[in-house]
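Below is one structure, written out as structure tokens; the observations come after it.
The values are calculated or read from the model by the stated rules, or taken from the named source; none is laboratory data. Everything numeric in this text was worked out from a predicted model, so none of it was measured. Every residue, glycine as well, gets a Cβ built from its backbone with ideal geometry; the counts of neighbours run over all protein chains shown. These accessible areas exclude ligands, DNA and RNA; they are computed on the full protein's heavy atoms, side chains included. Shrake-Rupley method; radii C 1.70, N 1.55, O 1.52, S 1.80 Å.
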Amino acid sequence: MKKFHFIYFILILSFPYALHAQKKIDYENNRFLTDEEKYPGALIFVKAEGKQPYFTHEGIDFWCDQAILYPEEDFLRAYGNVQIKQGDSIQLQGTYAEYNGKTQFAFISNRVKLETKQNTLTTDSLFFDRKKQQAFYRSGGTVKDTASTINSKIGRYYMQDGKYSFLTNVIVTHPKYIINSQHIDFYEESGHAYLYGPSTITGKDSKVYCERGFYDTRGDVGHFVKNASVDYKTRNLRGDSIYFNRERGFASATNHIKVTDTANQSLISGHYAEVYREKDSVFITKRALASMKQERDSIHIHSDTLMITGKTDKRIIRGYYNTRLFKSDMSGKCDSVHISEVTGVTKMMGKPIVWAQKNQLTGDTIKLINNPQTDKLDSLLVYYNAFMIQKDTVGDYNQVKGKEMFGLFNNENELTEVNFIKNTETIYYSRDNDLALIGINKAISSSINIEFKDKEITYITYHTNPKNTLYPEKELPENARKLKGFNWRGNEMLRRKEDLFIGKDSLELPKIKGIDAPKTQESFFEQDSTKMQLHKNSRLTPNLLKHPEKDSINTTTSPNHNIIENN
């Protein structure tokens with residue numbers, strides 16, 4: 001039989017201080033029902049005259065349309081327009097809730113909304129442990145931050161730290177990018193996100209990948225480690241550590257860097273690099289190496305510092321200090337190099353030297369000229385103090401010098417002809433078919449044309465009143481067999497790609513301060529179900545809480561019968 005009561009329990013009136021000491025759930029409503037048959041030991045509260053039942057416990061406040069309170073067990077079940085407030089920092093809404101005053105553990109379900117000063121969480125069901133000051137969901141949730149929206153299957157909110165830990169199918173949606181990850185720790189005050197496991201940040205002009213990283217969702221800057229990479233359309237940057245700035249279109253990387261350009265079929269490596277998306281440029285140093293495909297071959301360039309700028313097919317490559325170049329049929333050294341893909345000109349400056357076939361070429365400036373359409377080596381120019389030395393099969397040195405030199409290459413990238421002009425001189429060892437020395441020819445003329453076959457000098461033509469003398473070997477002393485400026489450097493010739501770094505000191509790479517692994521999270525629910533002290537009338541069970549990653553919550557929104565009656 002149901003009875004209406006219009007006063008508080010005598011127990012509450014007689015011993016208010018004792019109840020306060022026991023920290024029982026308190027209420028401010030003098031209208032309640034009892035139904036010992038259906039709800040033994042419970043008080044039933046209903047909304048009346050537009051006023052919701054109100055409850056409070058240890059700094060937390062409850063409002064709802066209907067409620068069942070078990071005062072002896074300190075357990076509350078609330079239905080309809082449930083609102084829960086903890087101070088001025090947390091507000092919770094839902095359709096159904098239950099709260100255990102002994103454990104200070106709450107469960108809220110159906111259209112759940114948790115609001116903080118910084119953001120709003122919506123989910124189907126939420127667990128709230130007031131002792132830990134943590135909230136937890138496992139059936140999918142959405143957090144709306146000032147800058148982005150975050151979705152995940154599982155999430156935990158650490159109220160004291162202002163931190164969310166999102167797990168499983170995490171998606172951060174921002175107007176400028178989307179983050180996909182399996183684990184993100186997010187701090188609501190700063191908007192800082194820590195990414196763990198395979199993660200991508202995809203924007204209009206870039207894509208970031210890492211397996212551990214940090215991203216400032218409000219400042220649009222990040223730091224990525226562990227298999228980190230950044231894609232800018234046709235250019236991919238990899239390194240042990242990558243810094244990324246979205247607004248500036250800028251990324252820098254440290255240690256074991258590779259920059260791949262698929263459009264130009266090039267690979268750049270080193271141990272420090274900067275990439276500017278808008279300028280389409282790369283700066284790289286610390287054992288910097290650029291490898292670029294040219295027709296059927298590749299050219300490799302090493303400098304202390306390399307800069308690559310410009311759009312596809314319009315790039316300019318600059319190398320500064322101690323530059324070295326290597327191709328399968330040619331190599332060289334200089335202080336600096338300038339390469340233009342538009343003109344096909346490779347300009348070597350600062351004591352340049354080139355080894356082509358058996359020839360050593362030096363001068364003040366050397367230009368290697370490619371055909372931009374076919375990408376084949378077409379010609380070679382040496383400006384001022386041009387000097388060519390060829391060591392013949394016996395070991396003697398054929399020499400030609402002049403003010404300038406112009407050379408031509410065939411389709412096999414072999415030197416077929418060279419022309420020296422102005423103040424030219426030669427020393428040539430003339431031999432018969434058996435390689436026996438006929439004599440040593442010394443000549444002076446205004447210009448000289450030299451032809452090659454099978455990489456050997458086959459014909460020399462002197463122009464404009466040459467002075468030509470063939471000396472028997474015995475009549476030409478050793479000190480007269482070298483032209484002024486002779487300097488054979490064949491021992492420096494680069495014979496393979498690895499020779500680009502001969503004589504270079506090994507680097508001691510800086511130690512990367514990485515991002516700490518995520519802390520192992522203790523179970524949100526007590527492993528021992530007896531410690532949970534689940535009320536016998538709770539809709540939660542130990543089995544329901546056992547495997548949160550697989551469970552789903554399904555609760556009704558109201559009691560199983562209408563408890564509101566006319567009075």
Considering only region 457-507, state which residues are among the charged types (D, E, K, R), over 29 Å from Thr323 (Cα atoms) and either outside any strand (DSSP E or B) or touching a Gly at 6+ places or on another chain (Cβ under 8 Å) (or both). Glu473, Lys474, Glu475, Glu478, Arg481
Identify the residue in region 35-64 that is in a loop (DSSP other than H, G, I, E, B) and in contact with a Pro (Cβ under 8 Å, 6 or more places away or on another chain) and, among all such residues, is nearest to Gln104 (Cα to Cα). Cys64
I'm told Lys391 meets every condition in (1) touching a residue at least 60 places away in the same chain (Cβ under 8 Å); (2) out of contact with any helix residue (DSSP H, G or I) (no Cβ under 9 Å at 6 or more places or on another chain) except one. Can you identify the failing condition by its number? (2)
Take Leu470 and tell me if it is touching a Lys or Arg at 6+ places or on another chain (Cβ under 9 Å) and modelled with pLDDT of 80 or more. yes
Identify, from the list Tyr27, Tyr54, the residue that is modelled with pLDDT of 90 or more, surrounded by 13 or more Cβ atoms within 10 Å (Cβ to Cβ) and aromatic (Phe, Trp, Tyr). Tyr54
Failed item, numbered, when Thr305 is tested on (1) closer than 30 Å to Gln390 by Cβ; (2) outside any loop (DSSP other than H, G, I, E, B); (3) polar (S, T, N, Q); (4) without any contact (Cβ under 8 Å) to a residue 40 or more places away in the chain: (1)
Any hit, region 396-414, residues being open to solvent by 20 Å² or more (accessible area, probe 1.4 Å), of a type in the set (Val, Ile, Thr) and in contact (Cβ under 8 Å) with a residue 12 or more places away in the chain: no
When (1) closer than 23 Å to Gln182 by Cβ; (2) open to solvent by less than 20 Å² (accessible area, probe 1.4 Å) are applied to Val259, the one that fails is (1)
Do you know which of the residues in region 529-551 that are modelled with pLDDT under 65 and closer than 23 Å to Ser165 by Cβ is most open to solvent (accessible area, probe 1.4 Å)? Lys550
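Conditions tested, residue by residue: (1) open to solvent by 50 Å² or more (accessible area, probe 1.4 Å); (2) in a loop (DSSP other than H, G, I, E, B); (3) among the small types (Gly, Ala, Ser).
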residue: Phe244; (1), (2), (3): no, no, no
residue: Thr254; (1), (2), (3): no, no, no
residue: Tyr320; (1), (2), (3): yes, no, no
residue: Val342; (1), (2), (3): yes, yes, no
Output the residues belonging to region 36-71 that are touching a strand residue (DSSP E or B) at 6+ places or on another chain (Cβ under 6 Å) and among the acidic types (Asp, Glu). Asp61, Asp65
Scan region 65-84 for residues that are open to solvent by 10 Å² or more (accessible area, probe 1.4 Å) and either free of Cβ contacts under 8 Å to residues at least 40 places away in the same chain or in a strand (DSSP E or B) (or both) and report the count. 7
The residue that is farthest from Lys327 (Cα to Cα), considering only those in region 378-389 that are open to solvent by 10 Å² or more (accessible area, probe 1.4 Å) and touching a Phe, Trp or Tyr at 6+ places or on another chain (Cβ under 9 Å), is Phe387
Could you count how many residues in region 262-286 are surrounded by fewer than 19 Cβ atoms within 10 Å (Cβ to Cβ), part of a strand (DSSP E or B) and in contact (Cβ under 8 Å) with a residue 60 or more places away in the chain? 1
Can you name the residue in region 85-108 that is β-branched (Val, Ile, Thr) and part of a strand (DSSP E or B) and, of all such residues, is modelled with the lowest pLDDT? Ile90
Condition check: touching a Lys or Arg at 6+ places or on another chain (Cβ under 7 Å) and at pLDDT 90 or above. Does Asp364 satisfy that? no
